[in-house]
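After the structure tokens below, expect a handful of questions from me.
The values are calculated or read from the model by the stated rules, or taken from the named source; none is laboratory data. Quantities reported herein were computed from a predicted structural model and do not represent experimental measurements. No Cβ is skipped: glycine too gets one built from the backbone with ideal geometry, and neighbour counts run over all protein chains shown. All accessible areas refer to the heavy atoms of the entire protein, side chains included, with ligands and DNA or RNA removed. Shrake-Rupley method; radii C 1.70, N 1.55, O 1.52, S 1.80 Å.
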Amino acid sequence: AWGVLQERMLTRRYPRYTGEYFTYSYALVFSNRLWTSIMSGLFLYHMKPSLSRSTILYEFSFPSISNMLSSWCQYEALKYVSFPAVTLFKSFKLLPVMVMGKILGNKEYPQYDYVVALLIGIGIVMFMASTDDLELGQDIYGDEVPQAWTGIMLLFLYLFFDSFTGQWQSRMFKRHRDLSMFELLFATSTFSTVLSLITLIHDRELGPALDFIYRHYEIHAHFFIFSLCSTFGQLIIFYTIKNFGAVVFTLIMTTRVLLSITLSCILYDHKVTAIGFMGLMVVLGAVIYRVRRKTEGTQIIKWQGIEDEKAEELVHEWHEHLDM
């Protein structure tokens with residue numbers, strides 16, 4: 001539902017067919033982060049975890065900025081590249097996550113992770129080259145843009161900022177053992193809310209965005225459901241990883257990729273060629289192979305949940321698959 005609404009709001013007219021486009025991506029970022037901040041604040045108040053005494057306020061600003069920028073890049077990319085291509089491209093997140101883990105945390109990764117990343121890259125190239133009709137130098141509105149392949153560049157920037165977010169937060173959990181997941185979520189989403197609001201005001205988009213929303217009643221429900229899906233989606237992701245383990249969550253997210261692409265193709269008439277379908281299967285096969293290798297000799301479903309001291313593992317898996 002979140003993916004379908006994202007594509008509807010950013011790539012279709014209001015009213016449909018004859019109206020105008022909603023072009024204010026930062027307004028979506030602001031709405032998402034505002035609701036996440038409110039919801040995580042309520043959970044923080046209800047659960048009352050002990051607040052970290054060792055963290056410094058500015059440390060939360062780095063993942064907040066990168067998180068905000070990754071969301072903006074993702075939304076902007078939809079103006080140049082189809083939603084199925086954007087969804088599949090996110091599977092390539094594994095490689096920048098490993099690179100950032102090396103830089104920020106000096107982490108080691110098994111050799112099969114590099115093989116999987118290579119296969120995912122090959123599958124994405126097959127899918128986008130044969131299926132996505134990339135209009136070089138134009139966006140979906142038919143307007144000229146200063147550089148070709150803008151959508152591809154935005155997707156690579158999305159991967160960079162998103163991988164930095166997860167690895168920086170994992171680093172915070174290493175340094176601050178008293179930091180809770182809900183405190184981290186509340187602090188980063190609040191920072192992102194304020195920063196995205198400042199950006200809207202600075203770019204003089206707040207007034208036009210509010211005016212657009214006021215004039216088009218259809219987008220009211222879209223905004224509400226979009227933010228609701230984003231907020232509760234993050235909480236459900238957190239609950240799934242914590243109580244059932246990262247492997248089950250990875251399988252769910254792989255199924256979600258298939259459903260999102262299928263729904264988008266049905267609702268918005270995207271064409272997938274035979275080579276594009278083969279590329280999709282290569283990506284999904286690589287993901288499933290990685291799951292199989294990661295589960296060798298381990299319990300697949302962790303019914304007992306992940307303990308508090310494994311919050312770093314939880315946030316790593318969260319950001320490896322989260323795209324909100």
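State the three equivalent ellipsoid semi-axes of region 1-79, derived from the C-alpha gyration tensor as the square roots of 5 times its eigenvalues, in descending order and whole Å.
Working: eigenvalues 221, 47, 14 Å².
Taking √(5λ) for each eigenvalue gives 33, 15, 8 Å, largest first.
From the protein chains alone at 1.4 Å, what is the descending order of accessible area for 197, 259, 179, largest first? List each step's numbers first, then the result.
Working: 197 60, 259 105, 179 10 Å².
Descending accessible area places them as 259, 197, 179.
Region 35-119: which trypsin sites (Lys or Arg not before Pro) are DSSP loop and have at most 15 other beta-carbon atoms within 10 angstrom? Don't jump to the answer; show the numbers that get you there.
Numbers: sites: 53, 79, 90, 93, 102, 107; in loops: 53, 79, 107.
Passing sites in region 35-119 are 53, 107.
I want to check a number: in region 34-130, how many lysine pairs have alpha carbons closer than 20 Å, given a sequence separation of 8 or more or different chains?
Working: 79/90; 90/102; 93/102; 93/107.
Number of lysine pairs found: 4.
Taking 0.36 nm per intervening residue step and subtracting the Cα-Cα distance, what contour gain separates residue 13 from residue 275 on full extension? Please list the in-between numbers first.
On the way: separation 262, 0.36 × 262 = 94.32 nm, distance 3.08 nm.
Here the answer is 91.2 nm.
Another question, then. What spacing in nm lies between the two simple spin-label points modelled at residue 265 and residue 236, each 7 Å away from Cα in the Cβ direction?
Result: 2.3 nm between the two label points.
Set the Förster distance to 41 Å, then compute FRET efficiency between residue 225 and residue 111 from the Cβ-Cβ distance, nearest 0.05.
Numbers: r = 43 Å, r/R0 = 1.05.
My answer for the efficiency is 0.45.
For region 93-110 and region 179-232, write down the distance between their C-alpha centroids in whole Å.
First find each Cα centre; the distance between them is then 30 Å.
Follow-up. Please give the contour-minus-distance gain from residue 42 to residue 174: 0.36 nm per residue of separation, less the Cα-Cα distance, rounded to one decimal in nm. Intermediate values should be presented prior to the final figure.
Working: separation 132, 0.36 × 132 = 47.52 nm, distance 2.56 nm.
Difference between extended and current length: 45.0 nm.
Nearest 0.05, what FRET efficiency do residue 118 and residue 203 give at R0 = 45 Å with Cβ-Cβ as r? Intermediate results must be reported in sequence, preceding the final value.
On the way: r = 39 Å, r/R0 = 0.86.
FRET efficiency, residue 118 to residue 203: 0.70.
Place the peptides 211-221, 33-43 in order of packing, highest mean first, counting for every residue the other Cβ atoms within 10 Å and averaging per peptide. Walk me through the numbers before you get to the answer.
Working: 211-221: 13.2, 33-43: 19.8.
Per-residue Cβ counts within 10 Å, averaged per peptide and sorted highest first, yield 33-43, 211-221.
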